[in-house]
2 protein chains.
Amino acid sequence: MIEILPLAGLPEIRPGDDLAALLAGAMAGLPGGARAKDILVVTQKIVSKAENLFVDLETVEPDDESRALAEKTRKDPRLVALILRESTAVVRAIPGVLITRHVSGCVMANGGIDQSNLGPGGDERVLLLPRDPDAAAARLRGALGDHAPALIISDSFGRPWRVGVTNVAIGAAGFPALVDRRGAPDRGGRPMAVTQIALADLAAAAAGLIMGEADEGVPAAIVRGLAWSGPARPAADLIRPVAEDLFR
Amino acid sequence: MIEILPLAGLPEIRPGDDLAALLAGAMAGLPGGARAKDILVVTQKIVSKAENLFVDLETVEPDDESRALAEKTRKDPRLVALILRESTAVVRAIPGVLITRHVSGCVMANGGIDQSNLGPGGDERVLLLPRDPDAAAARLRGALGDHAPALIISDSFGRPWRVGVTNVAIGAAGFPALVDRRGAPDRGGRPMAVTQIALADLAAAAAGLIMGEADEGVPAAIVRGLAWSGPARPAADLIRPVAEDLFR
């Protein structure tokens, strides 16, 4: 059996907060504390807030490229300038939609920049994604010690052919984000058709069942009971290399 | 708390089996039986096996279009002919990759046709997807009665920009597969940026954590403790309409 436990009692996270200490405090409220193989899933939003990745759009001066792309996508030119600053390539741009490849490698809408649930601080404030989410996950796991045998930083992504967002792992530490079964036979001895399992994305999605975006706003959860094994691999392993992108 | 419970004790499913009766029997093994709001997740594979959606490739006669596409994708022309028969459009075709839009609307590799873990019956046997997975989910839920307040038929899909497969819901019954929060304010009163949650895909992914493809081969699981509400909506709601596909 696998359990998804919401981590209750976290305060609104503010810039400079010791996120590891706050998470450790909340985890102390779990009966028996953390267990071996527990995966702590935290939203990108609280990591970015603690790291003070806020930007006030009033401080952004868009260039000509940003203005042109903003007109095409009908978005705020200052927001588009920030998206371009945080991205290495534009994947799709049409009215209302701007999909880019973030510097981390993740392909997503709006460079992962958040504009909702940011707490007090003015309507012009936006929140960036960590530029290296795996490094942020490793740091946070390191600071948490025994409280987090494994850790995921999750975000919610859209999908090109499916409606609605699902949670994915943009950062991971302490466990194999991708499980590779290439070469293994199926139960009948034929080669397996499905050979790589996006384990960290599955765990992020499971945690997403209780990490609501608006209603409760639970920003952290434990995935307990998953029997992962093998060497740790980062969430970067979940990013398809540009050369293998069929939809450029 | 949410629990993901594997449904143990199911036999290898064979054509003509009463899948609902077998699932009901396995669910009777759960302490206390099924609970209100339990979501029973079953793999597409056991549904297709019970519905005898096996095809022997020796019976398939590929036409010229299939032969040409088979050469381009380096796949068996008979398999390609079946994929085309089960699809409405080819989305991408390169060596080793054939992505189509299945008649159900789902965009996926190889028309969802399985070639592994099919049990005894010859190496030339493949297994098709149900052509209307929502109808199959509704039928199965109807036959299960109180044993399945809600039901998902899941499959594992690749993603264009991410490595590894995740489980998604291709059929759903008894609960809202898509939760629409458009128009709802965030906690700070600003409009929500993320407005549609692919709830059935999240639940399928959570169940996917224990429904291994090869190791255990657990083909059914319960997602317990999810506080869904609102009118039931099918998994078809999770399919982006062709007109909104940015990657045609």
Between a first residue in the stretch B:156-184 that is under 13 Å from B:ILE239 (Cα atoms) and a second residue that is among the basic types (Lys, Arg), which pairs have beta carbons less than 8 Å apart while being 6 or more apart in sequence or on different chains? B:VAL168/A:ARG162; B:ALA172/B:ARG233; B:ALA177/B:ARG233; B:LEU178/B:ARG233
State yes or no: is A:ALA36 in the same structural domain as A:ALA220 (by TED's automatic domain parsing) and surrounded by fewer than 20 Cβ atoms within 10 Å (Cβ to Cβ)? yes
Considering every residue within the stretch B:172-186, establish whether at least one is modelled with pLDDT under 95 and under 20 Å from B:LEU140 (Cβ atoms). no
Enumeration of residues in the stretch A:1-17 that are in contact (Cβ under 8 Å) with a residue 24 or more places away in the chain, part of a loop (DSSP other than H, G, I, E, B) and under 25 Å from A:ARG35 (Cβ atoms): A:MET1, A:LEU7, A:ALA8, A:LEU10, A:ILE13
Only one of these conditions is not met by A:GLY174: (1) more than 13 Å from chain B (Cβ to nearest Cβ); (2) within 22 Å of A:ARG14 (Cα to Cα); (3) surrounded by 20 or more Cβ atoms within 10 Å (Cβ to Cβ). Which number is it? (2)
Tell me yes or no: at least one residue of the stretch A:216-225 is modelled with pLDDT of 95 or more, charged (D, E, K, R) and under 30 Å from B:GLN44 (Cα atoms). yes
Any residue at all in the stretch B:30-39 that is under 19 Å from A:LEU209 (Cβ atoms), modelled with pLDDT of 95 or more and more than 14 Å from chain A (Cβ to nearest Cβ)? no
Which condition from (1) at pLDDT 95 or above; (2) in contact with an Asp or Glu (Cβ under 9 Å, 6 or more places away or on another chain) is the one that A:ARG141 breaks? (2)
How many residues are part of a helix (DSSP H, G or I) and without any contact (Cβ under 8 Å) to a residue 24 or more places away in the chain if we restrict to the stretch A:220-248? 2
Of the residues B:THR59, B:THR88, B:THR100, only one is β-branched (Val, Ile, Thr) and farther than 21 Å from A:TRP161 by Cα; which? B:THR59
Just one of A:ALA89, A:ALA138, A:ALA109 is surrounded by fewer than 16 Cβ atoms within 10 Å (Cβ to Cβ) and under 28 Å from A:ALA173 (Cα atoms); which is it? A:ALA89
Of the criteria (1) closer than 25 Å to B:ILE222 by Cβ; (2) surrounded by fewer than 20 Cβ atoms within 10 Å (Cβ to Cβ); (3) in contact with a Pro (Cβ under 7 Å, 6 or more places away or on another chain), which one B:ALA21 fails: (3)
Do you know which of the residues in the stretch A:117-155 that are outside any helix (DSSP H, G or I) and without any contact (Cβ under 8 Å) to a residue 40 or more places away in the chain is farthest from A:ASP76 (Cα to Cα)? A:ASP132
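The values are calculated or read from the model by the stated rules, or taken from the named source; none is laboratory data. Keep in mind the model is a prediction, meaning the values are calculated, not measured. Neighbour counts are summed over all protein chains in view; Cβ atoms, including those assigned to glycine, are modelled from backbone coordinates with ideal geometry.
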